[in-house]
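Visitor: Below is the structure I would like to discuss, written out as structure tokens.
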């Protein structure tokens, strides 16, 4: 729904005056299309179709892929988190785990990084290092200390460290060979 609303908002911002000129109040987003003329109409109709398709795909869970991830303290390997459900996100560079969980096993922040969110906001979070394990795979990686309200994510660097590809349809990892060149 978020994707569709953002698309509609951005695309229809310039056409609000047309709806006002027609004295329409609480116009459904598609109704504004009747006031459009010129080459923008085809583009906007196409974008609305894409937005509807994306909303349907997300609502049926087509590409939402969750796994249980365990973080292990690299200096005290007996200290580990209980499995944490995270979303596999190939759009995120790093993996994000709750600050409390990481600090409970003795992993402390080693620095800070800035991140650009999908809505283009820039935030800063602490980062540290851990051994990450999921679905029988393990790697050492840089992790983000997620604050309350942040999502828990398995990022692409962890996926590459696992030497796997993501099968979004089967919701599983597929082992691959690591490239040496």
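The values are calculated or read from the model by the stated rules, or taken from the named source; none is laboratory data. Every value quoted in this text rests on a predicted model; they were computed, and no experiment measured them. In this analysis, Cβ positions are derived from the backbone assuming ideal geometry, glycine residues included, and neighbour counts consider all displayed protein chains.
Visitor: Determine, yes or no, whether residue 111 is exposed (fewer than 13 other Cβ atoms within 10 Å of the Cβ) and modelled with pLDDT under 95. Steps first, please.
Guide: Details: exposed (fewer than 13 other Cβ atoms within 10 Å of the Cβ): yes; modelled with pLDDT under 95: no.
Against the criterion (exposed (fewer than 13 other Cβ atoms within 10 Å of the Cβ) and modelled with pLDDT under 95), residue 111 does not qualify.
Visitor: Same structure again: So residue 92 fits all but one of (1) surrounded by 18 or more Cβ atoms within 10 Å (Cβ to Cβ); (2) modelled with pLDDT under 95; (3) assigned to a strand (DSSP E or B); what number is the exception?
Guide: (3)
Visitor: Next question, about the same structure. Considering only residues of the stretch 130-167 that are under 20 Å from residue 115 (Cα atoms) and in contact with a helix residue (DSSP H, G or I) (Cβ under 8 Å, 6 or more places away or on another chain), which is surrounded by the fewest Cβ atoms within 10 Å (Cβ to Cβ)?
Guide: 147
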